[in-house]
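One structure is given below, encoded as structure tokens.
The values are calculated or read from the model by the stated rules, or taken from the named source; none is laboratory data. Since the structure is predicted, the reported quantities are computational estimates derived from the model, not experimental observations. Cβ coordinates were reconstructed from backbone atoms using ideal geometry, including for glycine residues, and neighbour counts include every protein chain displayed. The protein model used for the area step is the full one, side chains on, heavy atoms only, and it has no ligands, DNA or RNA in it. Shrake-Rupley method; radii C 1.70, N 1.55, O 1.52, S 1.80 Å.
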Amino acid sequence: MDGRRVLGRFWSGWRRGLGVRPVPEDAGFGTEARHQRQPRGSCQRSGPLGDQPFAGLLPKNLSREELVDALRAAVVDRKGPLVTLNKPQGLPVTGELTLFSVLPELSQSLGLREQELQVVRASGKESSGLVLLSSCPQTASRLQKYFTHARRAQRPTATYCAVTDGIPAASEGKIQAALKLEHIDGVNLTVPVKAPSRKDILEGVKKTLSHFRVVATGSGCALVQLQPLTVFSSQLQVHMVLQLCPVLGDHMYSARVGTVLGQRFLLPAENNKPQRQVLDEALLRRLHLTPSQAAQLPLHLHLHRLLLPGTRARDTPVELLAPLPPYFSRTLQCLGLRLQ
């Protein structure tokens, strides 16, 4: 079958448009939740899901040309030099065949001959959601300075949406943890560090902070909004593991949460290799998934809101919203979770 026709099928449910509007400078979780649309799609349609159980994922083994076509189809907003994508889960930003590697071709396909697009802000490989690109180096520099200043002032500019296996003990709060990267069995993993020393900090341990708010709960799961105030590899996934509520589809860190007689506890991070997330039978039934399908479950972590500065210093910030992937919306339907 023609590659472009296949891509068209995969992306038909993805491009729903991107909401762009000014928001109050102190707008928080509540404002965002009120504006989010209810998830589409019915869980009851799932039944036997076949070879591709999770709509909205990129097909495997794309050629360079097909990846450029997919990214062009993922463009949901263009204003001036800024181009915004709704990135699918699993697409890396850096590496060999990645978003970054095809930016020259993407720039040409969008008619940007003078200046090449560069990445300003992006969700990580395993998460889905907003990617902000700019064809103007000055604009990119201005925005990057804005994000850096906001982090230093502890003003969140990015909001992620996550579905967790488990419900956090508190309905909202802060998660603080010192994290480091450690090479374990050939894989770079993010590991918490208790009471880091000055030497630890100098050697790369970083103190991290995220805000969280539980939006809805059901079937032993939660819909959680997360706002990182620091930047570290896999920060949000590890933060939710520390809450004993790993993100659904987290096949990297979820094994660090153990259960005995219904009680959850943390296992030593250094002794736990990445493995496929194991879901209990009741949750599998709710999701209409077989164990083998659950082993392919994509990470339910979506960068769906970014705040950008207005044109002038006193202007109200502009809000960008990326719709949820189809598989994410289906999960919300199955679990009976709704944005308030």
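Things worth noting here:
- Hey, Leu132 out of contact with any Phe, Trp or Tyr (no Cβ under 8 Å at 6 or more places or on another chain), open to solvent by 50 Å² or more (accessible area, probe 1.4 Å), over 17 Å from Leu229 (Cα atoms) and assigned to a strand (DSSP E or B) or not: no
- Annotation: Arg198 fulfils all but one of (1) in contact (Cβ under 8 Å) with a residue 24 or more places away in the chain; (2) out of contact with any Phe, Trp or Tyr (no Cβ under 9 Å at 6 or more places or on another chain); the unmet one is (1).
- Residue tally, condition open to solvent by 50 Å² or more (accessible area, probe 1.4 Å), in a strand (DSSP E or B) and of a type in the set (Gly, Ala, Ser), over the stretch 252-304: 0
- Test: residue in the stretch 86-95 that is over 21 Å from the mean Cα position of the chain (by Cα) and farther than 17 Å from His302 by Cβ: no
- Flag if Val247 is without any contact (Cβ under 8 Å) to a residue 60 or more places away in the chain, crowded, with 21+ Cβ neighbours inside 10 Å and β-branched (Val, Ile, Thr): no
- Under the condition of being among the small types (Gly, Ala, Ser) and farther than 30 Å from His149 by Cβ, the residues counted in the stretch 279-338 number 6.
- Test: residue in the stretch 162-177 that is polar (S, T, N, Q), within 20 Å of the chain's Cα centre (by Cα) and open to solvent by 10 Å² or more (accessible area, probe 1.4 Å): yes
- Residues within the stretch 96-117 that are open to solvent by less than 30 Å² (accessible area, probe 1.4 Å), over 17 Å from Lys60 (Cα atoms) and not small (Gly, Ala, Ser), tallied: 4
- Checking Val93, Val120, Val76 one by one, the residue that is in contact with a strand residue (DSSP E or B) (Cβ under 6 Å, 6 or more places away or on another chain), open to solvent by 10 Å² or more (accessible area, probe 1.4 Å), free of Cβ contacts under 8 Å to residues at least 40 places away in the same chain and not in a loop (DSSP other than H, G, I, E, B) is Val120 and no other.
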